[in-house]
Structures are given as structure tokens and as C-alpha cells.
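Have a look at the structure below, then the notes.
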Amino acid sequence: TLQILERGCLVAPVENEKSDNQGSMKRMSSALPKQTMGISSKLVVEAARDERHLLIRFASIVQWKDPDMLLSWDPQGGGLGYLIERGRALGKVPSEVGDSQNTNSSMKVDLVRLLGRTPR
């Protein structure tokens, strides 16, 4: 039998929603389905300060839960692959010369390393 222990949603509110964080969280909770695959389970909605903190929190949840497998509907374009690319993009800042980009490695979030089980 399938057992769903808990469900969660991480959000990074846009600037105009940050002042009404509690209201945004309530609206988000009410908009999400009450069941997954016909099974009711606890839903936790958590707001991150910004995109970087959202990705770091996602990685910390994965490390804490320590799943044997992560499944994604579209791993290259819209799922885990997208999250990995967003983590890389956070470290890029537009260059003043041309279209090339400089890298600020302190801002980058390396989700491949954070989600993997290889030694650091």
C-alpha cells in the first residue's frame, strides 16, 4: 500500500508579497490539493527569503530525509534539472563588456553536490 507521510511546498514570495507573508501562506495552503493520489496527508507550506535560500532549503530537506531515489517528471527541463540550472545561474552576474558573464561563486548553489551522496 502507498503511504504518504507528509507533503510540503516551498515558496519564495515576490517583493510585493513579502509584507503579507501570512496571508500569502494561507492562500497558498488553500489553493493546494487536500489529497495526493487520493490519500490525505499533512501539508506544510514554508516561505524562503529568496530563490537562493529556497534552493538551499530544498537541498537541506533532501539531505535530512535521505531518500534512496528522487523522481522528477521532467528531470532535464522542468524538474530537478531546472533547479540545478537555477542554482548555477545564481552565481552569474552580467558583465559590463558584451554578453559574457562573470561568476560569483559565493552566490552559486551547487545542487548536484548538495543532493548527491558523494563525499564532499
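Okay, here's what the table says:
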item	result
Burial order of peptide ranges 61-72, 79-90 (average beta-carbon count within 10 Å, highest first)	79-90, 61-72
Cut-off 13 Å between beta-carbons: net charge of the residues surrounding Arg52, Lys and Arg +1, Asp and Glu -1	+3
Amide hydrogen neighbours beyond the local backbone of Val109, cut-off 5 Å, H modeled	Arg88, Leu90, Gly91
Ala12 versus Asp66: modelled label distance in nm, points set 7 Å from Cα along the beta carbon direction	2.9
Eligible lysines near Lys42 by straight Cα distance, threshold 19 Å, same-chain separation 8 or greater	Lys26, Lys34, Lys65
Residues Ser30 and Glu85, FRET efficiency given R0 of 25 Å [Cβ-Cβ distance, rounded to 0.05]	0.20
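Coordinate-derived values only; no laboratory data. Keep in mind that this is a model prediction, so the values were computed, not measured. Every residue, glycine among them, receives a Cβ derived from its backbone with ideal geometry; neighbour counts consider all protein chains shown.
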